[in-house]
Amino acid sequence: MSERCDRTDLLVEQCAHCRNLVSPEEEAARQRSALVASGKWLRAVHKGKCARCGEWFGEGSAITRRPSGWISDCCADAVGDE
Ligand SMILES: [Zn+2]
Ligand SMILES: [Zn+2]
């Protein structure tokens, strides 16, 4: 009997998540989608600079408005649900 993943319901040996085959890019894309789905973040239409850390973000990044300016998903963990 093979075990199934409790997240994807695939057999563990077929599950990218269990086998750690999800690339950092895929993980970042997933995080962005989750942020946008929350309704508190928007998709960036233009590239810009994160107001918190100064990193450039590209089109399609998740961004959220703060008094200091637009903050990108690079700082999602830091700004949280503020
Ligand atoms: Zn899994
Ligand atoms: Zn940032």
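The values are calculated or read from the model by the stated rules, or taken from the named source; none is laboratory data. Since we're looking at a predicted model, the values are computed, not measured. Cβ sites come from the backbone with ideal geometry, for glycine too, and all protein chains shown count toward neighbours.
Counting just the residues of region 26-52 that are over 29 Å from Arg7 (Cβ atoms) and surrounded by 12 or more Cβ atoms within 10 Å (Cβ to Cβ), which one comes out farthest from ligand 2 (Cβ to nearest atom)?
Here is the first cut: in region 26-52, the residues over 29 Å from Arg7 (Cβ atoms) are 45-52.
Then drop every residue that is not surrounded by 12 or more Cβ atoms within 10 Å (Cβ to Cβ), which leaves 47-52.
On the way: Lys47: 13, Gly48: 11, Lys49: 9, Cys50: 3, Ala51: 8, Arg52: 5 Å.
Across region 26-52, the extreme among qualifying residues is Lys47.
The conditions are (1) of a type outside the set (A, V, I, L, M, F, W, C); (2) within 13 Å of ligand 1 (Cβ to nearest atom); (3) modelled with pLDDT of 95 or more, and Gly48 fails exactly one of them. Which is it?
Of everything listed in (1) of a type outside the set (A, V, I, L, M, F, W, C); (2) within 13 Å of ligand 1 (Cβ to nearest atom); (3) modelled with pLDDT of 95 or more, Gly48 misses just condition (2).
Looking at the structure I just gave you, is Ala62 of a type in the set (Gly, Ala, Ser) and within 15 Å of ligand 1 (Cβ to nearest atom)?
Working: of a type in the set (Gly, Ala, Ser): yes; within 15 Å of ligand 1 (Cβ to nearest atom): no.
So Ala62 does not fit the description; no.
Report yes if Glu55 is at negative phi and either of a type in the set (Val, Ile, Thr) or in contact with a helix residue (DSSP H, G or I) (Cβ under 7 Å, 6 or more places away or on another chain) (or both), otherwise no. Spell out how you get there, then give the answer.
Working: at negative phi: yes; either of a type in the set (Val, Ile, Thr) or in contact with a helix residue (DSSP H, G or I) (Cβ under 7 Å, 6 or more places away or on another chain) (or both): yes.
When the stated conditions are applied, Glu55 passes them.
Would you point out the residue of region 1-25, among those that are modelled with pLDDT of 85 or more and either within 16 Å of ligand 2 (Cβ to nearest atom) or assigned to a helix (DSSP H, G or I) (or both), that is surrounded by the fewest Cβ atoms within 10 Å (Cβ to Cβ)?
That would be Glu13.
Considering only region 58-82, state which residues are within 27 Å of His17 (Cβ to Cβ) and in contact with a helix residue (DSSP H, G or I) (Cβ under 8 Å, 6 or more places away or on another chain).
Listed by number, the residues that qualify are Gly60, Ser61, Ala62, Ile63, Thr64, Asp73, Ala76.
Name, by its number, the condition in (1) within 17 Å of Ala78 (Cβ to Cβ); (2) within 16 Å of the chain's Cα centre (by Cα); (3) not in a helix (DSSP H, G or I) that does not hold for Glu59.
Looking at each condition in turn, Glu59 falls short on (1).
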